[in-house]
Amino acid sequence: MSATFLHTMVRITVAREMDIVRDGQKEATNYFFSLGDDESVLELTFNHDGRTYDLGSGYGHIAIGVSDLDGTLARLDEQGIQPERAPYQVREGGNWLCFVNDPDGYRIEIIGRS
């Protein structure tokens, strides 16, 4: 007898969607879902470049919100952790964010939520 993973079901509401545009080209679309409140708990990203994914390569990152992005980055720097690049905004007027890597190399998105 064998078993095959089929799916995971979670009841969600669509919170919002957002296009990522770089150099005038739509690079990706993010779809945010919630459990019924205003906080997103799942982000699904569709890349518009036609890429395919191998088993395990679809994972992207986790995201955390902080009230003081600069202070958080200063504390991480004291521990030898630097962002991949300087904080930036995905869209004008949006939150400032950056990515760091955990000790195993997984990406963590840090979003300033002032």
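The values are calculated or read from the model by the stated rules, or taken from the named source; none is laboratory data. All of these numbers come straight from a predicted model, not from anything done at the bench. Reconstructed Cβ throughout: ideal geometry from the backbone, glycine too, with neighbour counts over all protein chains shown. Ligands, DNA and RNA are excluded from the accessible area calculation, which covers all protein heavy atoms including side chains. Shrake-Rupley method; radii C 1.70, N 1.55, O 1.52, S 1.80 Å.
Quick rundown of the values:
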item: The chain - Rg (one decimal) and Dmax (whole number), Cα, Å; result: 16.5, 55
item: Environment charge at VAL21 (Cβ cut-off 15 Å; Lys +1, Arg +1, Asp -1, Glu -1); result: -3
item: Rounded percent of accessible protein surface that carbon and sulfur make up, the chain, 1.4 Å probe; result: 50
item: Filtered trypsin sites (Lys or Arg not before Pro), region 10-74: DSSP coil and at most 10 other beta carbons within 10 Å; result: ARG11, ARG51
item: Cleavage-rule hits, trypsin sites (Lys or Arg not before Pro), region 69-101, DSSP coil, Cβ neighbours within 10 Å at most 16; result: ARG85, ARG91
item: Descending principal axes extents, region 61-114, alpha-carbon based, whole Å; result: 31, 21, 17
item: Neighbourhood charge, 9 Å Cβ-Cβ cut-off, centred on PHE99 and excluding it, Lys, Arg +1 and Asp, Glu -1; result: 0
